[in-house]
Amino acid sequence: MPTDALQVQIRGIFPMPEGCAVFLGDAKKVFLIHVDESNGQTISLSLTSFKKERPLTHDLIANINAGFGIRLERMVINDAIGGTFYARIILRMDNELGVKMVEVDARPSDAIVLALNARKPILVSAKLWEKLPDAMAEMQKLGRKKN
């Protein structure tokens with residue numbers, strides 16, 4: 001795992017008028033990513049063992065990768081510009097020619113679902129982590145409204 005990134009977990013997902021608020025972080029700090037409602041629901045489903053009747057798009061991607069012997073190693077939320085977050089998924093392919101590693105640009109919401117489904121780490125770059133404001137109070141406030 002890279003030393004210039006920290007592993008985070010999903011600390012909360014809350015419906016909002018404009019979609020869903022996804023809080024990621026650790027016990028000391030969280031940050032907030034806004035996603036549309038369908039991506040919020042997909043992330044929530046990925047956190048459970050709910051068996052889907054048919055494969056969703058993220059399942060299709062994982063099935064295609066598996067068919068070609070490609071494994072998701074990790075995903076990294078690596079930048080934020082304005083209110084838009086950016087992520088990379090790191091893929092690995094082992095074959096008779098050796099190991100090939102590829103980084104692919106992805107929306108954080110998609111990368112999170114792929115990582116959750118593959119049971120792989122969700123990372124945030126250390127540089128980004130340092131500049132993100134702590135949204136713990138906002139997450140706790142939304143948690144109290146939910147109950």
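The values are calculated or read from the model by the stated rules, or taken from the named source; none is laboratory data. Keep in mind it's a predicted model, so treat the numbers as computed, not measured. FYI the Cβ positions are ideal-geometry reconstructions off the backbone, even for glycines, and counts take in every protein chain you see.
What single numbered condition from (1) among the β-branched types (Val, Ile, Thr); (2) more than 16 Å from the chain's Cα centre (by Cα); (3) closer than 25 Å to GLU130 by Cβ fails to hold for VAL99? For VAL99, the failing item is (3). Looking only at residues in the stretch 21-76 that are of a type in the set (Val, Ile, Thr) and within 13 Å of ASP110 (Cα to Cα), the one that is surrounded by the fewest Cβ atoms within 10 Å (Cβ to Cβ) is THR57. Within the stretch 49-76, the residues that satisfy the criterion of being within 14 Å of ILE112 (Cα to Cα) and not in a helix (DSSP H, G or I) are LEU72, GLU73, ARG74, MET75, VAL76.
Taking the conditions (1) closer than 21 Å to ALA126 by Cα; (2) of a type in the set (Val, Ile, Thr); (3) out of contact with any Ser or Thr (no Cβ under 7 Å at 6 or more places or on another chain) in turn, VAL76 satisfies each one other than (3). With respect to ASP94, determine if the residue is loosely packed, with under 13 Cβ neighbours inside 10 Å and within 21 Å of SER46 (Cβ to Cβ). So ASP94 does not fit the description; no. Exactly one residue among ASN95, ASN117 is modelled with pLDDT under 90 and of a type outside the set (A, V, I, L, M, F, W, C), and that residue is ASN95. Restricting the stretch 102-147 to residues that are part of a strand (DSSP E or B) and of a type in the set (Asp, Glu), the residue that is farthest from the chain's Cα centre (by Cα) is GLU103.
Within the option set ILE112, ILE77, ILE43, ILE122, being under 23 Å from PRO15 (Cα atoms), touching a Pro at 6+ places or on another chain (Cβ under 6 Å) and among the aliphatic types (A, V, I, L, M) holds for one residue only, ILE77.
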